[in-house]
Number of protein chains: 2
Amino acid sequence: MAGILDGLRVVEGSAFVAVPLAGMTLAQMGADVIRFDRLQGGLDSGRWPLAPLGKSLFWAGLNKGKRSIAVDMSRPEGRELITRTITAPGKDAGVFLTNLRVRGWMDYETLSQHRKDLIMVTLLGDRHGRPQVDYTVNPALGIPDITGPEDHEGPVANALPAWDLIAGHTCVSSVLAAERHRLRKGEGQEVTLTLKDIAAATLGHLGMIGDAVLNEAERGKSGNALYGAYGQDFVCADGARIMVIGLTSRQWKGLVSTTDKDAELAALARRTGCDLADEGVRWALRTEITAILAPWFAERSSDEVARAFDKAKLTWSKFRTTKQAVAEDPDLGPENPMFEDLLQEGLGSFPVPGHAADFSALLREPPRPAPVLGANTEEILSEVTGLDDTEIAHLFDRGIVARGNPPEFDTAA
Amino acid sequence: MAGILDGLRVVEGSAFVAVPLAGMTLAQMGADVIRFDRLQGGLDSGRWPLAPLGKSLFWAGLNKGKRSIAVDMSRPEGRELITRTITAPGKDAGVFLTNLRVRGWMDYETLSQHRKDLIMVTLLGDRHGRPQVDYTVNPALGIPDITGPEDHEGPVANALPAWDLIAGHTCVSSVLAAERHRLRKGEGQEVTLTLKDIAAATLGHLGMIGDAVLNEAERGKSGNALYGAYGQDFVCADGARIMVIGLTSRQWKGLVSTTDKDAELAALARRTGCDLADEGVRWALRTEITAILAPWFAERSSDEVARAFDKAKLTWSKFRTTKQAVAEDPDLGPENPMFEDLLQEGLGSFPVPGHAADFSALLREPPRPAPVLGANTEEILSEVTGLDDTEIAHLFDRGIVARGNPPEFDTAA
């Protein structure tokens with residue numbers, strides 16, 4: 001099936017979250033993405049979570065729909081193969097995506113000598129060349145300081161690797177922007193991004209740098225409250241916890257009238273001399289507002305609350321674990337056209353997502369599983385690298401390349 | 001200065017985080033992005049954080065480099081102007097990016113009658129058409145359940161609107177992918193995304209859906225520990241808190257030798273019969289490992305720790321507040337070529353980020369401030385919408401459009 005990026009070929013040398021996600025996203029949009037790895041698999045081949053038999057669900061998730069070539073890059077012949085694969089001819093080829101920082105044979109200066117219009121997108125840790133990961137960038141920028149319950153003293157890390165995910169998607173748009181430029185101007189280039197710059201820019205975009213410079217107060221923790229307006233979690237009579245949003249005027253009015261708290265909230269407004277129609281006032285008075293609303297939730301089951309909120313078209317949700325969500329929510333399974341139940345070797349069967357965007361000009365691309373390490377070595381060497389059968393056989397004989405999952409190179413942890 | 005997306009024109013009708021971020025990102029890559037708003041400004045015009053005089057730093061951050069047109073869309077003439085602006089001719093125009101769900105005049109079916117090859121990228125809440133925000137999607141998928149200290153009972157929300165940010169960047173790549181398709185095939189299309197699908201797909205990519213289906217255990221909270229390997233926060237003798245990563249074999253060995261805990265960790269391995277070279281073992285034994293390492297930090301100032309870790313090239317960082325980070329870290333100010341100190345009217349002067357990617361074929365685009373509401377109404381009506389001076393004057397006279405910041409329509413909260 002043709003995807004929206006049909007024809008585009010990207011070679012990926014990567015590990016961990018961001019760049020594998022970028023390559024996988026391009027593959028799910030229809031690009032031919034070739035991931036190369038060492039013979040024993042990449043640094044991320046055993047990352048958690050693992051399937052019951054020990055194979056990495058993480059790796060399977062972030063490498064869906066790619067082709068895999070396994071090469072011994074410690075030998076010059078292996079390095080030459082990768083160079084030839086990255087710089088292979090083709091109008092829509094010559095795109096290299098990486099977070100491996102290898103000076104010399106794998107840098108832009110060297111590779112672009114083999115293909116002048118090469119596009120190389122490199123994600124680094126920070127602009128000083130230091131490695132950084134989501135778990136170090138986040139504390140350095142202050143997010144853990146504003147995360148967590150108001151009465152909790154220490155910083156609270158993100159469980160979601162948000163910066164990695166954002167960086168991966170920024171790599172995707174960088175590839176597409178550079179390829180657009182090449183289509184028009186005929187020139188390739190090096191695109192350099194860093195995880196820390198992506199995070200720092202995002203703080204700026206959200207107004208947090210201006211806030212830190214211009215306002216004297218530190219923002220502080222605000223628990224599960226929606227920052228800057230009203231939104232709060234409440235516990236219902238059955239113990240279930242609900243999040244409800246009063247951000248826009250429509251949402252706020254709907255929340256007030258559904259909970260029948262008009263009079264008490266009007267009294268709060270009179271007592272404080274503040275206008276609750278102002279979202280900033282709702283933020284400042286969130287504790288008082290929550291105290292007024294809480295009994296309404298405490299008196300009702302979460303089902304009653306759900307019915308009332310759906311009837312009023314409020315924006316709300318129920319807190320649950322991922323396991324509960326997967327068990328209960330049809331949006332997380334094959335009833336949602338984005339998902340398909342896939343049986344994957346060594347893993348088992350579970351719902352696997354395709355690309356989140358639905359492009360109306362094409363049928364939706366179904367998700368394809370990740371390759372076994374080296375599964376496509378032979379075809380890539382033939383079709384892309386341009387070797388003949390004798391050359392390929394010789395490389396296998398000498399152990400410079402490997403094909404799909406020989407027991408000694410099994411990626412299972 | 002020419003940006004990497006030079007020539008591309010995108011019309012944006014949006015509010016809040018994701019789609020404004022998408023338009024701003026395209027603008028920072030050099031696209032001509034026209035944001036249209038009601039005469040009184042969008043729903044997000046007063047969003048926190050605010051500058052000392054009350055103007056929104058959030059809005060200023062997410063609308064940098066765009067042009068602004070203010071139109072009364074409650075009147076048919078206003079709706080016609082927006083239609084004409086979105087569907088204006090030009091090979092690189094005809095791209096509409098929105099999260100406003102307006103059936104009828106502003107839907108794809110209607111707009112594409114005015115321009116067959118229109119690209120319309122729409123971000124919705126969920127696939128059922130319900131509104132969702134970052135604060136509702138996150139609890140519904142289980143992230144707050146795994147966030148926070150191990151001994152904390154309740155869910156902990158993200159302070160960073162990660163899903164909105166990821167959705168915004170996914171909109172950017174959707175625009176570029178659809179435009180690439182149009183360049184090649186001549187056809188436009190509707191691209192539909194939902195915040196919840198983007199989040200659900202991401203859980204799948206990270207292996208969390210497979211984990212929920214295949215493994216019986218719920219993941220649970222793990223405080224500030226790096227999931228699945230070793231990474232932990234430690235308090236130093238001066239009270240400062242440090243995050244250090246032992247994810248790869250190189251990082252782990254470096255951490256062990258720098259803290260001189262080889263013997264104690266070898267004893268732990270013997271006692272448990274486990275091999276600490278396995279990242280999953282480090283995860284399982286993280287509490288024991290942390291107990292062994294903690295005294296080393298408690299005996300040293302954070303400066304001593306920093307020197308030792310830098311010398312060993314470890315991946316680590318210091319926890320700080322955003323205010324401290326902005327005050328201390330040159331990566332968050334004009335010493336970093338991504339930032340420039342900009343003086344913005346009604347806000348003040350502070351470091352403002354440009355696009356995080358550095359495209360070597362072009363000079364880096366400096367950040368440009370957000371427009372005042374309606375600042376470009378006249379030029380857009382003339383250059384893009386194609387009206388003559390008489391028609392434009394008539395629209396102003398009748399109050400169907402407004403120009404930059406008349407006092408009665410000031411966006412300040």
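List of remarks:
- Relative contact order of region A:170-264, taken over Cα pairs closer than 8 Å and 6 or more residues apart, is 11 percent.
- Value at 222 nm in deg cm²/dmol, rounded to 500, when DSSP H runs of n ≥ 4 in chain A each add -39,500 (n - 2.57): -11000 deg cm²/dmol
- Within 10 Å of the Cβ of each residue in A:224-231, the mean number of Cβ atoms contributed by other protein chains is 5.
- Against the empirical 2.2 N^0.38 Å (N residues), region B:90-159 has a Cα radius of gyration ratio of 1.70.
- Other residues within the sphere of radius under 13 Å centred on the Cβ of A:W163, judged by their own Cβ, net out at -3 (K and R +1, D and E -1).
- Kirkwood-type hydrodynamic radius, chain A: 24.5 Å, calculated from all non-identical alpha-carbon pairs.
- Set of aspartates and glutamates near A:K91 by C-alpha distance (under 12 Å), chain-local residues within fewer than 8 positions excluded: A:D117, A:E179, A:E187
- Take the Cα of A:D388, step 7 Å toward its Cβ, do the same at A:D107, and the gap between the two points is 3.7 nm.
- Contact order normalised by residue count of region B:62-114, Cα under 8 Å, 6+ apart, percent: 28
- Contour excess over end-to-end distance, with Cα ends at B:K116 and B:L183 and 0.36 nm allotted per residue: 22.7 nm
- Shielding by other protein chains, B:58-71, mean Cβ within 10 Å: 2
- When the alpha carbon coordinates of region A:234-312 are projected onto the principal axes, the ranges are 36, 21, 19 Å, largest first.
- For region A:241-318, the relative contact order works out to 52 percent when only alpha carbon pairs closer than 8 Å and six or more residues apart are counted.
- Taking trypsin sites (Lys or Arg not before Pro) across region B:83-142, the ones in a DSSP loop with at most 13 further Cβ atoms lying within 10 angstrom of their Cβ are B:K91, B:R101, B:R103, B:K116.
- Pairs beyond 24 Å (Cα-Cα), from A:K116/A:K185; A:K196/B:K313; B:K55/B:K318; B:K221/B:K253: B:K55/B:K318; B:K221/B:K253
- Range in chain A, longest, excluding exposed GluC sites (Glu not before Pro) [loop by DSSP; at most 12 other beta-carbon atoms within 10 Å]: A:1-149
- Neighbouring Cβ atoms from other chains, within 10 Å of the Cβ of residues in A:9-22, number 1 on average.
- Fluctuation leader among B:G30, B:G273, B:G42 - chain B, Gaussian network, Cα springs under 10 angstrom: B:G273
- Computed from Cα positions, the angle between helix A:195-205 and the longest principal axis of chain A comes to roughly 30 degrees.
- For region B:135-183 versus region A:346-363, the spacing of their alpha-carbon centroids is 18 Å.
- When only the Cβ of Lys, Arg, Asp and Glu is charged (+1, +1, -1, -1), the dipole of region B:241-318 relative to its Cα centre reaches about 160 debye.
- Local net charge near B:K323, Cβ-Cβ under 12 Å (Lys/Arg +1, Asp/Glu -1): -4
- For B:L332, net neighbour charge (Lys/Arg +1, Asp/Glu -1) across residues whose Cβ lies under 14 Å away: -4
- Listed values for region A:141-150 are Karplus-derived 3J(HN,Hα) couplings in whole Hz (6.51 cos²θ - 1.76 cosθ + 1.60, θ = phi - 60°), namely 9, x, 5, x, 5, 9, 9, x, x, 4, and x replaces Gly and Pro.
- Stokes-Einstein D in µm²/s, Kirkwood radius over Cα pairs - the protein assembly as shown at 20 °C with 1.002 mPa s viscosity: 78
- Considering only B:G399, A:C236, B:L165, the residue lying farthest towards the positive end of the dipole of the protein assembly as shown is B:G399, judged by Cα position with unit charges set on Cβ.
- Of the residues B:L100, B:L214, B:L203, the one that moves most in a GNM of chain B with alpha-carbon contacts below 10 Å is B:L214.
- Put a plus charge on the Cβ of each Lys and Arg, a minus charge on the Cβ of each Asp and Glu, and nothing anywhere else: the dipole of region B:50-162 about its Cα centre is then about 840 debye.
- Cβ charges +1 (Lys, Arg) and -1 (Asp, Glu), total dipole of the protein assembly as shown, debye: 500
- Alpha carbon centroid spacing (whole Å) that separates region B:223-300 from region B:301-326: 17
- Toward the positive end of the charge dipole of chain A, with +1 on the Cβ of Lys and Arg and -1 on the Cβ of Asp and Glu, the farthest Cα among A:G7, A:L62, A:S45 is that of A:G7.
Throughout, read-outs are computed from the coordinates displayed, never taken from laboratory work. Worth saying up front: this structure is predicted, and the values here are computed from it rather than measured. Ideal geometry is used to build each Cβ from the backbone, glycine not excepted, and the neighbour counts take in all protein chains shown.
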